[in-house]
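Enquirer: Here it is, the structure, as C-alpha cells.
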Amino acid sequence: MNIVQLKKIIGLNVFTTEMLKPILEQEYAQPTKKINSMVTKGELIRLKRGVYALGSEYRDRPLNMLTAANMLHKPSYVSYEYALSYHGLIPERVYTVTSATTYRPETYATDIGTFSYKKIPSNAYSIGIDWKFDTHDGGYMIATPEKALCDQVYADQRIADINKDEILEYLEDDLRIEWEEMAKLDTTLLWKFSMAYSSSKLRNMTASIKKRQKNG
C-alpha cells in the first residue's frame, strides 16, 4: 500500500496510530514498521508518538490546526487567544494554537506549528465547548467566545487583583477586543463560567460587561 492509497482510505490530513493500524494490518504484518518507513520518506509527519499528518505534497487542502490540537493532547479543546481570533473577537491572526486541558501543561513544537496546553480546574472544563465536524477534517472541540474569554482572563497572572473599574480597559487595550464584539457576549454564560472557575476577577469582568451593555 502506498501513501496515495492510504490517503484515499483514511480521508484525513491528521490521524492517530489507532486509525492507521487497522488499515495497514490488512497488508503488513508489522504496521508500525511501515509507519516508520513512511515518516522516513516524508510521506507522513510525526507530530508526536502516535499522531501523524500527511506530508505537505500529499495534501490537497490545508491542515486543520484545531483537529491536530485536539489529537495531540487529550482531553483538550482549543481556547484562549486562538479561539478569540477564530471567533473574531480579536483582530490579529494567532499562530500558536493554545488549548485548555485537565492534564498537565504541555507544549509541542512540531513541523506544522506550535501547540500549547494550559491546565484548568476540572469544574470549569466541560462547559462552554462547541463540537464542530466536517467530512474533510473530522471533528474538533473549541471554546465558545464566552468560554475562550474566561479562559484567557483567568490565565493572565498579570491581572490577579484587577477590579471592576479596570477590567474593561484591560479587555479593550490589552486583549484588543472592540466593544462592539463585547456587547454581543452572553453575560449569563460568562457568569456561569466565572462560578465554575470560582474566580472573582471573572465575576468582576462579567459585572462590568453587563453594566455597560445595560447602559449602552
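Enquirer: For the structure I just gave you, tell me whether Y103 is aromatic (F, W, Y) and over 10 Å from the mean Cα position of the chain (by Cα). I'd like the intermediate steps shown before the answer.
Expert: Numbers: aromatic (F, W, Y): yes; over 10 Å from the mean Cα position of the chain (by Cα): yes.
Yes.
Enquirer: Go over the candidates A109, A83 one by one and state the one that is under 22 Å from the mean Cα position of the chain (by Cα), modelled with pLDDT of 95 or more and crowded, with 21+ Cβ neighbours inside 10 Å. First the steps, then the outcome.
Expert: Details: A109 fails: crowded, with 21+ Cβ neighbours inside 10 Å.
A83 is the lone residue from the list that is under 22 Å from the mean Cα position of the chain (by Cα), modelled with pLDDT of 95 or more and crowded, with 21+ Cβ neighbours inside 10 Å.
Conditions (1) outside the structural domain of Y80 (by TED's automatic domain parsing); (2) in contact with a strand residue (DSSP E or B) (Cβ under 9 Å, 6 or more places away or on another chain); (3) farther than 30 Å from K8 by Cα; (4) of a type outside the set (V, I, T), marked per residue:
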residue: R104; (1), (2), (3), (4): no, yes, yes, yes
residue: S126; (1), (2), (3), (4): no, no, yes, yes
residue: D134; (1), (2), (3), (4): no, no, no, yes
residue: I142; (1), (2), (3), (4): no, yes, no, no
residue: P145; (1), (2), (3), (4): no, no, yes, yes
residue: I159; (1), (2), (3), (4): no, no, yes, no
residue: A196; (1), (2), (3), (4): no, no, yes, yes
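Enquirer: Looking only at the stretch 97-110, count how many residues are in contact with a helix residue (DSSP H, G or I) (Cβ under 9 Å, 6 or more places away or on another chain) and more than 12 Å from S79 (Cβ to Cβ). Explain how you work it out, then say what you get.
Expert: At the first step, the residues of the stretch 97-110 found to be in contact with a helix residue (DSSP H, G or I) (Cβ under 9 Å, 6 or more places away or on another chain) are 97-102, 106, 108, 110.
This time we only want the ones that are more than 12 Å from S79 (Cβ to Cβ), so: 102, 106, 108, 110.
Adding up the residues that qualify gives 4.
Enquirer: Consider I209 carefully, then state whether it is touching a residue at least 24 places away in the same chain (Cβ under 8 Å), surrounded by 16 or more Cβ atoms within 10 Å (Cβ to Cβ) and more than 20 Å from H87 (Cα to Cα). Spell out how you get there, then give the answer.
Expert: Working: touching a residue at least 24 places away in the same chain (Cβ under 8 Å): yes; surrounded by 16 or more Cβ atoms within 10 Å (Cβ to Cβ): yes; more than 20 Å from H87 (Cα to Cα): no.
Spelling it out, it is not the case that I209 is touching a residue at least 24 places away in the same chain (Cβ under 8 Å), surrounded by 16 or more Cβ atoms within 10 Å (Cβ to Cβ) and more than 20 Å from H87 (Cα to Cα).
Enquirer: Exactly one condition in (1) free of Cβ contacts under 8 Å to residues at least 60 places away in the same chain; (2) of a type outside the set (K, R); (3) assigned by TED's automatic domain parsing to the domain that holds D130 is false for I35; which is it?
Expert: All conditions are met except number (3).
Enquirer: Just to be sure before I move on: is L63 at pLDDT 95 or above and within 19 Å of the chain's Cα centre (by Cα) in the structure I sent?
Expert: Values: at pLDDT 95 or above: no; within 19 Å of the chain's Cα centre (by Cα): yes.
Answer is no for this residue.
Enquirer: Let me ask you something else. Mind checking which residues of the stretch 140-174 are of a type in the set (G, A, S) and either surrounded by 12 or more Cβ atoms within 10 Å (Cβ to Cβ) or without any contact (Cβ under 8 Å) to a residue 12 or more places away in the chain (or both)?
Expert: Of the stretch 140-174, the ones of a type in the set (G, A, S) are 143, 148, 155, 160.
If the condition is that a residue be of a type in the set (G, A, S) and either surrounded by 12 or more Cβ atoms within 10 Å (Cβ to Cβ) or without any contact (Cβ under 8 Å) to a residue 12 or more places away in the chain (or both), then A143, A148, A155 are the ones that fit.
Enquirer: Kindly evaluate K201 against the criterion of being assigned to a helix (DSSP H, G or I), assigned by TED's automatic domain parsing to the domain that holds V97 and out of contact with any strand residue (DSSP E or B) (no Cβ under 9 Å at 6 or more places or on another chain). Walk me through it before giving the result.
Expert: Values: assigned to a helix (DSSP H, G or I): yes; assigned by TED's automatic domain parsing to the domain that holds V97: yes; out of contact with any strand residue (DSSP E or B) (no Cβ under 9 Å at 6 or more places or on another chain): yes.
Yes; evaluated as a whole, the condition is true for this residue.
Enquirer: Can you find a residue that is charged (D, E, K, R), surrounded by fewer than 16 Cβ atoms within 10 Å (Cβ to Cβ) and closer than 15 Å to Y80 by Cβ anywhere in the stretch 178-197?
Expert: The answer is no, given that none of the residues of the stretch 178-197 is charged (D, E, K, R), surrounded by fewer than 16 Cβ atoms within 10 Å (Cβ to Cβ) and closer than 15 Å to Y80 by Cβ.
Enquirer: Continuing with the same structure: Got a number for residues in the stretch 1-58 being surrounded by fewer than 16 Cβ atoms within 10 Å (Cβ to Cβ), of a type in the set (S, T, N, Q) and within 21 Å of T135 (Cβ to Cβ)?
Expert: Residues meeting the conditions: 2.
Enquirer: Tally up the residues in the stretch 87-109 that are closer than 20 Å to L47 by Cβ and touching a residue at least 40 places away in the same chain (Cβ under 8 Å), please.
Expert: To start, the set of residues in the stretch 87-109 that are closer than 20 Å to L47 by Cβ comprises 94-101, 103-109.
Narrowing the set further to residues that are touching a residue at least 40 places away in the same chain (Cβ under 8 Å) leaves 100, 108.
Final tally of qualifying residues: 2.
The values are calculated or read from the model by the stated rules, or taken from the named source; none is laboratory data. Because the structure is a prediction, the values reported are computed rather than measured. Reconstructed Cβ throughout: ideal geometry from the backbone, glycine too, with neighbour counts over all protein chains shown.
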